[in-house]
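Structure, as structure tokens:
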Amino acid sequence: MDDATERSERIADLLDRLTLEEKVSLTHGAVDPAGNATGYVPGVDRLGIPELRLADGPLGVRTEDPATAFPASISLAATFDPDLAREQGRAMAREALARDQDVLLAPGLNLIRVPHNGRNFEYYSEDPVVSGRFAAGVVSGIHDEDVIATPKHFVANNQESHRAEVSAEVDERVLRELYLPAFRDAVAAGAGALMTAYNRINGTYASEHERLLREVLKGEWDFDGVVMSDWFGTQFTADTANGGLDLQMPGVRPDEQLESDGTADAEDDGDDSADTSDGVAERFADGLPDPERGDYFSDALQSAVESGEVPEERLDDMVARLLGQAERVGLFDGDRGEGAVDTPDHRDLAERIAVNGTVLLENDGVLPLADDADVALIGPNVDEAITGGGGSSETEPVVSTSPVEGVEARAEGAVTVERGHERIVPVTLLDAIHGDQGDDEADDEDVDRDAAVAAAADADVAVVFVRDTATEAADRGDLRLAGEQDDLVEAVAAANDRTVVVVGSSGPVELPWREDVAAVLQTWYPGQAHGDAAAAVLYGDADPGGRLPVTFAPEPDYPTAGDERRYPGVDYEAHYDEGLLVGYRHFDAAGVDPTYPFGHGDSYAEFRYGDAEVTGDRTVHVDVENASDRDGREVVQAYVAAPEAPDDLERPPRELAGFAAVEVPAGESRTVELTLDERALGRYDADEGWTVDDGEFTVHVGRSSRDLRDSVTIER
Ligand code: GLC
């Protein structure tokens, strides 16, 4: 297979002049002398080849210094506005440049197959079209600013349980129709790098999966960028290089890293933190890779090339891909922007995403709040912004507003604050592993449930902020809120029938009290602007613009529930036996009503739909009228139902094919045009590839997967 990349004259010349040792040094990471990057590839001074610095992550630039903490990726997806994704990509890239980083290890875009997955907050959706539109948006934005984007984790990294060993047992059609499309879209958007997953796919590790890396990614999709491993996510030398991996990360053994950190002796003198880290690392052992997988691409690779086990052409291609991306973003010429961190625009963007990602799940009319309402503000963590979950995406903001700060700044009535529940301790995986577990102990001082209930009884409205906890390297044990927060909500709702609950979660959560409260807002992990964004929506300064990018349902109703073969797997094999029926596809096919369907989200306005029309092959038009006296934001969605399929051919009842968010002023109408995904009518046939069957396709248009307002047909 010829998947070698095109080379400029400069790169071809450099390859001619590089020694074998120098070429090998460009295929693996090393210790960053500045100590500020997540990953580092030294240059070759002799030839003017620049060094490359890599930093996480999807929620913001993670270095020793603070940066804008954007809302979680699932919150960005809930906006159903890929333009915001591109804006965020640009902003994060500018912040990367300001922090002297060249590669952003973002976006994370694995499909949300399992509601318990500890990293769902870092991903977009249960649907491949939503995931692909947002992945492409973020990638485009990052590259707009001459930083290299790294879509991750390729592919089928849909759980944290046993993530370094588990094999996703998934058939080709399901891979092609559900798990690969968003990566394809990210590559089509111009991603300069891609990170392989820790897991195996049908028994082969992602980092050495020749068919997926060389035939599909580099062959079919013509990817000319760099394929890097996840950190310590490599197992072999020749098989991995020949399988299509170009860059092994971090490429540093723990002893080398400790030496460079100056903490090597901590291991020897029995330092407590090391013991703590062992203890905590034990807790995450199931989801952490073996850090001894350090250097398959240094001396071992050189020997493999010298022996011919790895052709030198393959080594040259590995190096050419890296240098080609460095050249593409101007690293040789040093003419890139200097970037900027924590600008007013970035702060404003973080808030806009949080507001537009907020989903109004229930509202009996209590929202929006009157400016002068007396409010009881309750919740275990009301005095802190939720800036994300645990793990490599942890981002420390320069500024943040807590729910207390946001509501107190906006309210004109009295605000009484009572936590009513001990603090929920978020998991900070990185601190935990490095034994720096700071003040993350639950403190039960000034926690008085009765005082919270009394404050609720005395106020016009009670607003309860609740949350879950989630982290990389571990899945959630259930879909409940953490601690006894459900009891807190029930007690407050019993004291005041105008109780609003604001949920900060990593993905689907069970809300057992939802029929006992007056309103429910879903804010995900809203990032640094948590308080201001929540206040803007609570008081109606903005319409809750979000829609659910994942289905909310009782835990037992999900397709991966109750079958450990499916999840978390048996003998390190997770069998994707649900096939295409993930998320709403499952609930529609099973005829089961979820708690809140995919695409659901109410508005403070009221939208009426005109008749839908279709023009050309894939463009649907529909008029949307705002029949209320308030400006509103609507997300129009189009779902395709294929013609009756032959019995042996599984097709979900409906599949999202397009969507658009639109602002509609009070009393006005807008014509919304939806361009359906190019493969909206197709299915993947293992022999024929992408195939469109003959027959009548029905395109349903509406405001969620279950609230469909009109339909049109397309004849093929
Ligand atoms: C982690 C994550 C990956 C991250 C990398 C570097 O293990 O899986 O998303 O970019 O290591 O921190």
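The values are calculated or read from the model by the stated rules, or taken from the named source; none is laboratory data. Just so it is clear, the structure is predicted and the values come from calculations on it, not from any experiment. All Cβ positions, even for glycine, are placed from backbone atoms using ideal geometry, and neighbour counts span all protein chains on display. These area figures cover heavy atoms from the full protein model, side chains too; ligands, DNA and RNA do not enter into them. Shrake-Rupley method; radii C 1.70, N 1.55, O 1.52, S 1.80 Å.
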Review point. Expressed as a whole percent, how much of the Cα-Cα distance distribution for the chain exceeds 32 Å?
Key: 51 percent
Point to revise | Hz values of 3J(HN,Hα) by residue in the range 379-385 - Karplus curve (6.51, -1.76, 1.60), Gly and Pro given as x | key: x, x, 10, 5, 9, 8, 7
**Study point:** Which of F134, P653, L104, positive extreme of dipole for the chain (C-beta unit charges)
**Key:** P653
Review point. Calculated FRET efficiency, D171 and A561, Cβ-Cβ r, R0 22 Å, to nearest 0.05?
Key: 0.60
Study note, to complete from the structure: Simple SL model, points at 7 angstrom along Cα→Cβ for E256 and H575; separation in nm is 4.2 nm
Point to revise | Integer Hz, Karplus 6.51/-1.76/1.60 couplings in order for the range 394-409, x for Gly and Pro | key: 4, 10, 8, x, 6, 10, 7, 10, 7, x, 4, 4, x, 6, 5, 6
Revision key, fill the gap. Rounded to a whole %, the carbon-and-sulfur portion of the accessible area of the chain at a 1.4 Å probe is 40 percent
Exercise for review: Quick one: compute a quarter of the convex hull surface over the Cα atoms of the range 344-557 and quote it in nm².
Suggested key: 11.6 nm²
Point to revise | Residues with amide H under 5 Å from that of V664, placed H, sequence gap 5 or more | key: G632, R633, E634
Check your understanding: Counting other Cβ atoms within 10 Å, which GluC sites (Glu not before Pro) in the range 475-570 have at most 13 and lie in a DSSP loop?
Key -> E564
Study note, to complete from the structure: Taking N as the number of residues in the range 605-715, the ratio of its alpha carbon radius of gyration to 2.2 N^0.38 Å works out to 1.18
**Study point:** Nearest-0.05 FRET efficiency for E644 and E64, computed from C-beta distance (R0 41 Å)
**Key:** 0.10
Review point. Which whole-Hz couplings ³J(HN,Hα) result when phi for each residue of the range 62-78 is put into the Karplus expression 6.51 cos²θ - 1.76 cosθ + 1.60, θ = phi - 60°, listed in order with x for Gly and Pro?
Key: 9, 9, 5, 9, x, 7, 5, 9, 6, x, 4, 4, 5, 6, 4, 5, 5
Exercise for review: Find how many whole Å separate the alpha carbon centroid of the range 183-201 from the alpha carbon centroid of the range 540-580.
Suggested key: 22 Å
Study note, to complete from the structure: For the chain, averaging the sequence separation of alpha carbon pairs under 8 Å that lie six or more residues apart and dividing by its residue count, the contact order in percent is 15 percent
Revision key, fill the gap. Reduced to Cα centres, the span from the range 622-662 to the range 77-107 in Å works out to 28 Å
Check your understanding: Rank S307, S393 by accessible area, highest first, at a 1.4 Å probe radius?
Key -> S307, S393
**Study point:** the range 344-557: relative contact order in percent, alpha carbon pairs under 8 Å with at least 6 residues between
**Key:** 35 percent
